[in-house]
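Data block below; observations after.
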Amino acid sequence: MKNRSFLIKTLSLCLGILSLQFAAAQTKGSFDRTVNFSGNPSWTLSYYVPASYNPATKYKLIIALHGMGMTPQDMRDVVRDYGVTDPASPVYNAIVVAPWAGSDSNYNFWYPVSDTGIITKSIVDAISAYNIDPEYIYLNGFSFGGRAALRYGLINYWRFRGIELWAPAIQSTQEANNQASFTYPYQNAKYIPICITVGAEDGYIQDQRIPPVMVQLAAAGAMAKVQIELGMDHMSPSSDYMFSAYDFLDKNASSYKLNDAGVSAILSPFDEECSTTITPSVVIQNKGTNNLTSTTVNYQMDNGTVNTYAWSGNLIRLGTYTVTLPAQTVSVGTHVFKAYTTLPNGATDAVPANDMITRNFKSLTNGSLTLSEGFEGAVFPPVGWKQVGTDRAWNWEKLSGSLLTTDANGNDVVVPITGGFGQSQSCIMFDNYVSDKSGKRYSIRTPQYDLSGSAAPVLTYDYAYVPLGSGSPNPSPIPDSLAVLYSTDCGSTWTQLLKKGGTALSSTGGTMNNYFIPTASKWKKETINLSNLIGQSHVMFSFESRPGWDNLLYLDNITLTGVTDVADQTLQDNSFAIFPNPVSEEATVSIENYNGEKTELNIYNTFEEKMLVREIKSSADKFSVSDFPNGIYFCEIKSVNKTIRTKIIVAK
């Protein structure tokens with residue numbers, strides 16, 4: 001087994017005075033440095049070094065290999081902008097070095113084969129100038145650079161923490177299966193984690209050049225993962241996929257120590273649990289060079305007792321095993337679950353820092369009984385709501401007040417935002433118009449709701465959307481769609497309730513040739529019968545935009561009706577009802593067995609402003625809402641002994 005630290009020390013010494021001169025400069029930011037390589041004194045290495053670089057701190061290093069038609073500057077900038085400058089990234093503030101591939105027609109790091117030496121030289125050059133952590137050197141490559149990175153990384157696996165490949169340009173199925181002159185030492189894949197990210201529309205996966213690579217890696221016992229990004233062709237992935245790749249590499253990297261184990265994943269509990277009985281499930285991994293034959297799995301709920309589970313088996317380096325632990329009972333609320341290993345092979349763990357994983361989760365009681373969201377609050381998403389998307393580049397947005405647009409003459413104009421049917425100046429919007437997001441999905445999800453006591457639950461919402469017509473400058477061949485889904489298991493699985501797209505989704509029935517900003521008359525109400533969910537106590541809803549690069553989509557006034565809440569149940573003594581509901585002009589308050597007791601009706605809007613006060617004088621008392629704007633209102637019935645509230649919807 002080669003010793004990585006010894007190699008680095010040796011290479012560093014070989015640099016001599018050149019190393020000291022470059023180290024003294026320690027340039028920061030994005031810059032190009034030329035080195036003498038293969039007889040060329042001006043071979044380019046494109047660097048990114050964070051502005052906050054501190055020589056006293058060890059830094060991660062990414063060697064990034066560009067593809068055909070790219071420059072090293074292009075590759076450096078992509079890794080910099082989407083991989084290392086976001087504080088949420090697992091490789092935040094890493095140093096990036098992107099070497100030039102050479103002047104051959106395909107920019108191929110393997111033609112001539114001597115060109116691969118520039119990869120080694122890039123590592124040595126960075127270590128000579130900056131404080132690089134030798135345990136955190138990653139190899140990244142795109143297209144032809146990804147092809148080169150796969151082969152070089154498998155040959156030199158001991159140099160790297162992991163290999164991240166973007167759409168590697170495998171030249172044929174025969175090459176993938178080592179039936180061509182260009183071969184891959186798959187047998188070494190069991191020593192290093194590999195993550196491949198490729199677009200669903202990429203020809204390299206559609207014509208079966210990348211799938212055989214995954215088969216070969218699996219057969220070799222590799223710790224390998226493939227990510228398919230929907231709607232993406234042959235290009236670099238979005239930030240979320242990059243972050244996920246580096247996270248995978250970090251969790252599954254070998255420490256190159258003899259006895260080292262750790263928990264690499266927590267499969268259960270989930271972020272949200274619908275039950276107070278939790279059955280934890282964790283993945284243990286051998287991170288050392290010796291086969292792992294035994295370890296102790298330690299687990300703890302909150303700050304309670306640390307429990308132990310004795311595991312025995314036989315795992316090769318980077319091998320994994322899923323351990324199901326005894327069930328735990330927790331209270332409703334927020335909890336912290338920890339799991340870590342000790343005593344790998346009965347010895348002291350060589351790297352305790354990679355032993356533990358923590359999961360914060362919530363154990364939820366029955367869901368809320370009311371849903372009435374008009375997106376008029378100051379906080380967005382509203383409390384308990386969350387956004388989930390294919391990537392983090394796009395989200396649902398709250399609109400309020402006005403929007404800047406252009407008129408037919410190209411002049412800037414300010415247009416007021418109109419919520420559902422003109423009830424307010426607030427709503428939410430997803431932008432399908434700017435940028436091609438085809439094939440991706442972006443959801444805004446509600447909290448949980450309790451339909452266990454419902455007789456006839458109904459979900460309603462207002463939406464506005466008009467697809468682009470054939471006369472627009474950018475008609476989309478793939479229509480935008482809106483899907484509404486529900487989950488009864490805290491979001492683990494989702495079932496579709498409704499999906500509409502294209503002209504079927506149009507709230508006006510037609511198309512237009514510019515981006516769409518709705519007026520009050522351009523909205524439409526959708527009603528979904530939820531009788532199939534009667535009896536469910538943990539129901540979540542998801543409103544999912546499925547873009548096709550078409551037009552803006554708006555949502556407002558998401559409401560759940562027909563749910564029996566606590567107030568409704570206390571009213572059953574008097575058989576209280578308000579009908580019709582929704583109401584347009586006049587409604588009736590009905591109280592069965594009314595005995596003449598003084599009773600008052602108060603109606604409030606969503607701002608808790610009192611809209612109506614009247615005394616009820618009969619068992620069927622009528623009141624008018626003709627002056628009320630469309631919207632949701634709270635009806636308060638006050639008698640001598642009780643005060644009860646319910647909701648009505650005014651829709652004209």
Hey, any hits in the stretch 56-77 for a residue that's in contact with a strand residue (DSSP E or B) (Cβ under 8 Å, 6 or more places away or on another chain), farther than 23 Å from residue 145 by Cβ and in contact (Cβ under 8 Å) with a residue 60 or more places away in the chain?
yes
If you take the residues in the stretch 78-88 that are surrounded by fewer than 21 Cβ atoms within 10 Å (Cβ to Cβ) and closer than 14 Å to residue 235 by Cβ, which one is farthest from the chain's Cα centre (by Cα)?
81
How many of the residues making up the stretch 497-518 are open to solvent by 60 Å² or more (accessible area, probe 1.4 Å) and either among the β-branched types (Val, Ile, Thr) or part of a strand (DSSP E or B) (or both)?
4
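This table checks each residue for (1) touching a Ser or Thr at 6+ places or on another chain (Cβ under 9 Å); (2) open to solvent by 30 Å² or more (accessible area, probe 1.4 Å).
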| site | (1), (2) |
| --- | --- |
| 94 | no, no |
| 112 | yes, yes |
| 115 | yes, no |
| 122 | no, no |
| 125 | yes, no |
| 129 | yes, no |
| 174 | no, yes |
Could you please find all residues in the stretch 137-156 being modelled with pLDDT under 95 and outside any helix (DSSP H, G or I)?
143, 156
In the stretch 315-326, residue nearest to residue 346 (Cα to Cα) [restricted to those that are assigned to a strand (DSSP E or B) and of a type in the set (A, V, I, L, M, F, W, C)]:
315
If you check residue 567 against the conditions, is it surrounded by 17 or more Cβ atoms within 10 Å (Cβ to Cβ) and modelled with pLDDT of 80 or more?
no
For the stretch 592-649, the count of residues that are open to solvent by less than 70 Å² (accessible area, probe 1.4 Å), more than 23 Å from residue 560 (Cβ to Cβ), hydrophobic (A, V, I, L, M, F, W, C) and at pLDDT below 80 equals 0
Assuming residue 207 fulfils every condition listed in (1) at pLDDT below 90; (2) surrounded by 17 or more Cβ atoms within 10 Å (Cβ to Cβ); (3) of a type in the set (Asp, Glu) apart from one, which condition is it?
(2)
Can you spot a residue in the stretch 247-267 that is touching a strand residue (DSSP E or B) at 6+ places or on another chain (Cβ under 6 Å), surrounded by fewer than 16 Cβ atoms within 10 Å (Cβ to Cβ) and farther than 30 Å from residue 176 by Cα?
yes
Any pair with Cβ under 7 angstrom, 6 or more apart, that starts in the stretch 439-457 at a residue that is on the phi > 0 side of the Ramachandran plot and ends at one that is surrounded by 17 or more Cβ atoms within 10 Å (Cβ to Cβ) and assigned to a loop (DSSP other than H, G, I, E, B)
439/231
Only residues in the stretch 296-314 that are outside any strand (DSSP E or B) count as the first member; pair them with residues that are aromatic (Phe, Trp, Tyr), Cβ under 9 angstrom, at least 6 apart or cross-chain, and list the lot.
302/337; 306/299
Examine the stretch 175-192 for a residue that is in a helix (DSSP H, G or I), touching a residue at least 24 places away in the same chain (Cβ under 8 Å), touching a Cys at 6+ places or on another chain (Cβ under 9 Å) and closer than 20 Å to residue 316 by Cβ, and state whether such a residue exists.
no
Can you pull out the residues in the stretch 143-180 that are within 17 Å of residue 211 (Cα to Cα) and of a type in the set (S, T, N, Q)?
143, 171, 172, 173, 174, 177, 178, 179
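The values are calculated or read from the model by the stated rules, or taken from the named source; none is laboratory data. The model shown is predicted, which means the values in this text are computed figures rather than measured ones. Glycine also receives a Cβ, built like all others from the backbone with ideal geometry; neighbour counts cover every protein chain displayed. Calculation scope for accessible area: heavy atoms of the full protein, side chains included, ligands and nucleic acids excluded. Shrake-Rupley method; radii C 1.70, N 1.55, O 1.52, S 1.80 Å.
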